[in-house]
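Worksheet for the structure shown next.
The values are calculated or read from the model by the stated rules, or taken from the named source; none is laboratory data. Everything numeric here is computed off the predicted structure, so don't read it as measured data. Here the Cβ positions follow ideal geometry from the backbone for every residue, glycine too, while neighbour counts run over all protein chains shown. Side chains included, ligands, DNA and RNA excluded: accessible areas come from the protein's heavy atoms. Shrake-Rupley method; radii C 1.70, N 1.55, O 1.52, S 1.80 Å.
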Amino acid sequence: MKVQIEGVECHVATGGKEFDPSLPTVLFLHGSGLDHRGWALQTRWFAFHGFSVLAPDFPGHSLSDGEAFADIESSASWLNELLEVTGVRSAHVVGHSQGFLSALELASQFPERITSLTGIGTGAAIPVNQMLLDTAKASSAKAAEFMLQWGFGSGIHQGVSPTPGMQPIAIGYRIMSANPLATDLNACANYSNGLNAAAKIKAPSCMVLAGQDKMTPLRSGKELAAALKSQQTHVLAEYGHMLPMEAPKQVLHTIRDFIVSVESN
């Protein structure tokens, strides 16, 4: 569906069903250079099992107009407005990589909007190699090549695919090469409020981390889990940074069980 947020038309995927704000809502936030398609399996399951789904393309990404956020902090007010215009009082927020930095800021600035938090392949800070930043400024496509080589675990590089007939690296390249990677990566590199934001958060939280993550190392995710006092921390040992695309079923099962348990309390 299309929504107007701060005067800009943005695309928000709803998992294949019409959005209903009266149902418990799950908000999915994509990582750097990505879009709603990274959440294809997870959004569809929730939409067809008693939840409503919001999976926006952040401004300037794929099907959304506007400019990408220059900093993580700015994304929090945009997400608050997204929930406002869609009639959602609070949501289960699931964020991958940079998307979870935005989730941290939303939870810190607007705690009443958060039912639960789930971080996937992320940390309180995401430092970015200067060479990658410089490459992204010159060419999103070239930077996407580097990120996709680093971002997946060994199985994907050996030709294993969680979806028969689809290659996650090729799909990721098609999405990322057309999106504002330089702006996204710069926002990550400059963000330093993660641990402070996490310390303020009272909502239940879950972390899903990757044992082969070369972009947000496992130790960073565990440090964030400790700061959040996370109720659950899961490590998918055989996978890399791009967990929602690389291990979609495992990610779905983990976040499903966590969110359903929060709803039942």
Discussion item. Need the failing condition index for residue 76 against (1) within 24 Å of residue 247 (Cβ to Cβ); (2) aliphatic (A, V, I, L, M); (3) part of a helix (DSSP H, G or I), just the number.
Written reply: (1)
Discussion item. Go through (1) assigned to a loop (DSSP other than H, G, I, E, B); (2) in contact with a Gly (Cβ under 6 Å, 6 or more places away or on another chain); (3) closer than 30 Å to residue 143 by Cβ for residue 15 and report which single condition fails.
Written reply: (2)
Worksheet item: Which ones in segment 199-240 are open to solvent by less than 30 Å² (accessible area, probe 1.4 Å) and of a type in the set (D, E, K, R)?
Response: 213
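Taking segment 124-164, which residues are under 12 Å from residue 176 (Cα atoms) and of a type in the set (Ser, Thr, Tyr)?
Taking segment 124-164 first, the residues under 12 Å from residue 176 (Cα atoms) are 136, 139-148.
Within segment 124-164, 139, 140 qualify.
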Item to complete: Provide a single number: the residues in segment 1-30 that are among the hydroxyl-bearing types (Ser, Thr, Tyr), over 15 Å from residue 95 (Cβ atoms) and surrounded by 15 or more Cβ atoms within 10 Å (Cβ to Cβ).
Response: 1
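Just checking, how many residues over segment 34-65 are among the β-branched types (Val, Ile, Thr) and either closer than 19 Å to residue 168 by Cβ or assigned to a loop (DSSP other than H, G, I, E, B) (or both)?
Keep residues of segment 34-65 that are among the β-branched types (Val, Ile, Thr), which gives 43, 53.
With the extra rule that they be either closer than 19 Å to residue 168 by Cβ or assigned to a loop (DSSP other than H, G, I, E, B) (or both), the set shrinks to 43.
The qualifying residues number 1.
Return yes or no: is residue 31 more than 24 Å from residue 262 (Cβ to Cβ), at pLDDT 95 or above and either more than 17 Å from the chain's Cα centre (by Cα) or not in a helix (DSSP H, G or I) (or both)?
Values: more than 24 Å from residue 262 (Cβ to Cβ): no; at pLDDT 95 or above: yes; either more than 17 Å from the chain's Cα centre (by Cα) or not in a helix (DSSP H, G or I) (or both): yes.
Spelling it out, it is not the case that residue 31 is more than 24 Å from residue 262 (Cβ to Cβ), at pLDDT 95 or above and either more than 17 Å from the chain's Cα centre (by Cα) or not in a helix (DSSP H, G or I) (or both).
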Fill in: Top-ranked residue of segment 58-75 - restricted to ones that are among the hydrophobic types (A, V, I, L, M, F, W, C) and farther than 20 Å from residue 39 by Cα, ranked as surrounded by the fewest Cβ atoms within 10 Å (Cβ to Cβ)
70
Practice prompt. Just one of (1) open to solvent by 30 Å² or more (accessible area, probe 1.4 Å); (2) in contact with a Lys or Arg (Cβ under 6 Å, 6 or more places away or on another chain) trips up residue 81, so point out which.
Written response: (2)
Worksheet item: Given 93, 128, which one is open to solvent by less than 50 Å² (accessible area, probe 1.4 Å), in contact (Cβ under 8 Å) with a residue 40 or more places away in the chain, in a loop (DSSP other than H, G, I, E, B) and not acidic (Asp, Glu)?
Response: 128
Worksheet item: Restricting attention to segment 46-99, which residues are under 16 Å from residue 19 (Cβ atoms) and of a type in the set (Phe, Trp, Tyr)?
Response: 46, 48, 51
Worksheet entry | Scan of segment 137-150 for residues that are surrounded by 15 or more Cβ atoms within 10 Å (Cβ to Cβ) and farther than 23 Å from residue 70 by Cα, ordered by number | 150
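Tally up the residues in segment 154-188 that are surrounded by 15 or more Cβ atoms within 10 Å (Cβ to Cβ) and either modelled with pLDDT under 80 or in contact with a strand residue (DSSP E or B) (Cβ under 7 Å, 6 or more places away or on another chain) (or both), please.
Going residue by residue through segment 154-188, those that are surrounded by 15 or more Cβ atoms within 10 Å (Cβ to Cβ) are 155-156, 161-162, 168-169, 171-173, 175-188.
Now drop any that are not either modelled with pLDDT under 80 or in contact with a strand residue (DSSP E or B) (Cβ under 7 Å, 6 or more places away or on another chain) (or both), which leaves 156, 161-162.
Here the count works out to 3.
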Fill in: Residue list for segment 31-45, restricted to those being over 26 Å from residue 68 (Cβ atoms) and open to solvent by less than 10 Å² (accessible area, probe 1.4 Å)
none
Worksheet item: Applying the selection to segment 212-229, what residues are touching a helix residue (DSSP H, G or I) at 6+ places or on another chain (Cβ under 8 Å) and closer than 19 Å to residue 258 by Cβ?
Response: 224, 227, 228
